[in-house]
Amino acid sequence: MSRTGKPAGKDETLTIIESQQLRKSSARPKTPKTHEMGGTAALKDKLERPELVFTDEVKHKTAAIYEQLKSVIVEAEWPKIAPYIAAINDLKAVRNAVILAHNYMTPDIFHGVADFSGDSLQLAKQAAKTDADVIVQCGVHFMAETAKILNPEKTVLIPDMEAGCSLAESITAEDVQALREAYPGVPIVTYVNTSAAVKAQCDICCTSANALQVVESLNADRVIMVPDKYLAQNVAAQTEVEIIAWEGRCEVHERFTAPQLRSFREAVPGLKIIAHPECPPEVLKEADFAGSTSGMIKWVENMKPENVMLVTECSMSDNVAVEHPDVKFIRPCHLCPHMQRITLPKILDSLLMMGKEVHVDPEIAAQARRSVERMISVTK
Ligand code: 13P
Ligand code: SF4
């Protein structure tokens, strides 16, 4: 049963809208591109590429990092990885740059070069606080846009412009306008996994860490939640507020199934299962806990289970396992192809070339900032 006494999964207060229901024409409008490569000014700043050799100096500089990573990176691989880590850490000082890394980054990035790591909410808050001139966002494009929205005067770089997200791709600003027309007066909450243009059209943002709190902060009987259908269903199961959802899904989390989780439980007695709320509701029903990526990490820290399965992107299990050698991680592995685009060589290129720079149209950024800041203020 949910907190409100409503059976989990009950959906009489949930409506799911598909984009075709709202669009007048069959042509799918494209979200305007809000990014471009660093221009000639940035290229003037180009620095010499360092020699990427595993010298004694590099070995010494990275020894403590390898000590931490040795359970997930074999020793034979380290001479290829360490020179990148050393070069990136040196260049951060030259550029006065900070590296923000999502919890799904691979361990070499997460433990090797990140100045700050966290879930989407924590990264957004950190982006709002940083004194650095340059933010290198190691995550997907909507995260880099969020950093730019909160820091219009700073240079925000993303190592690979193609690092997208199936949720962000599932909805456009025009779709949100059509929802407003179809449901006049109903507030619209957008998951942070959306473009700046979509955020600009919505009333408030949310992340997986605060979706229920944001919905209830609006004091409305009905709320539209875009674009994650499963997050919306999972919130609807915990509130009396009527939820109108959008037909968007995370291509990673939608692949987990309830029978798969049950079979792991049967195979590993005492197994604890913790899941991300982007999973379908029947998957969350099988879990011992559901929360944002950082909520899941905190749960492992507090509960110290003997065996645990993190039902989410699999690099996160590697990152958490490094810090919890006594916990056994059972890994049903689904990688996010977009997060995997971010690699150490591309981060190094970003810092050398000051690319790929993320730009957001100032008018769109100002409107989107309202939605993000409103979220931050209701979740303080
Ligand atoms: P978190 O906000 O929980 O980190 O989730 C972001 C995400 O994209 C998960 O797929
Ligand atoms: Fe998007 Fe899913 Fe990848 Fe997260 S895991 S970035 S929601 S596609």
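Here are the numbers:
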| quantity | calculated |
| --- | --- |
| All positions within region 143-167 that are surrounded by fewer than 24 Cβ atoms within 10 Å (Cβ to Cβ) and without any contact (Cβ under 8 Å) to a residue 60 or more places away in the chain | 151, 153, 154 |
| Candidates 235, 252, filtered to the one that is under 19 Å from residue 102 (Cβ atoms), buried (at least 22 other Cβ atoms within 10 Å of the Cβ), at pLDDT 95 or above and among the hydrophobic types (A, V, I, L, M, F, W, C) | 252 |
| Residue identified as within 16 Å of ligand 1 (Cβ to nearest atom) and charged (D, E, K, R) among 254, 216 | 254 |
| The lone exception for residue 57 - which of (1) surrounded by fewer than 22 Cβ atoms within 10 Å (Cβ to Cβ); (2) among the acidic types (Asp, Glu); (3) within 29 Å of residue 146 (Cβ to Cβ) it fails | (3) |
| Checklist (1) within 12 Å of ligand 1 (Cβ to nearest atom); (2) without any contact (Cβ under 8 Å) to a residue 12 or more places away in the chain applied to residue 316, failing item | (2) |
| Qualifying residue in region 219-232 (condition: β-branched (Val, Ile, Thr), more than 16 Å from ligand 1 (Cβ to nearest atom) and surrounded by 24 or more Cβ atoms within 10 Å (Cβ to Cβ)) | yes |
| Residues of region 358-379 classified as buried (at least 18 other Cβ atoms within 10 Å of the Cβ) and either hydroxyl-bearing (Ser, Thr, Tyr) or assigned by TED's automatic domain parsing to the domain that holds residue 137 (or both), total | 1 |
| Residue list for region 288-315, filter: within 14 Å of ligand 2 (Cβ to nearest atom), part of a helix (DSSP H, G or I) and more than 23 Å from residue 269 (Cα to Cα) | 293, 294, 315 |
| Qualifying positions in region 330-357 - assigned to a strand (DSSP E or B) and either within 16 Å of ligand 2 (Cβ to nearest atom) or out of contact with any strand residue (DSSP E or B) (no Cβ under 9 Å at 6 or more places or on another chain) (or both) | 334 |
| Residue match in region 173-187 (condition: out of contact with any His (no Cβ under 8 Å at 6 or more places or on another chain), within 30 Å of residue 328 (Cβ to Cβ) and of a type outside the set (Gly, Ala, Ser)) | no |
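The values are calculated or read from the model by the stated rules, or taken from the named source; none is laboratory data. Here the structure is a predicted model, which means the values were calculated and not measured. Note that we place each Cβ from the backbone using ideal geometry, even for glycine, and neighbour counts take in every protein chain shown.
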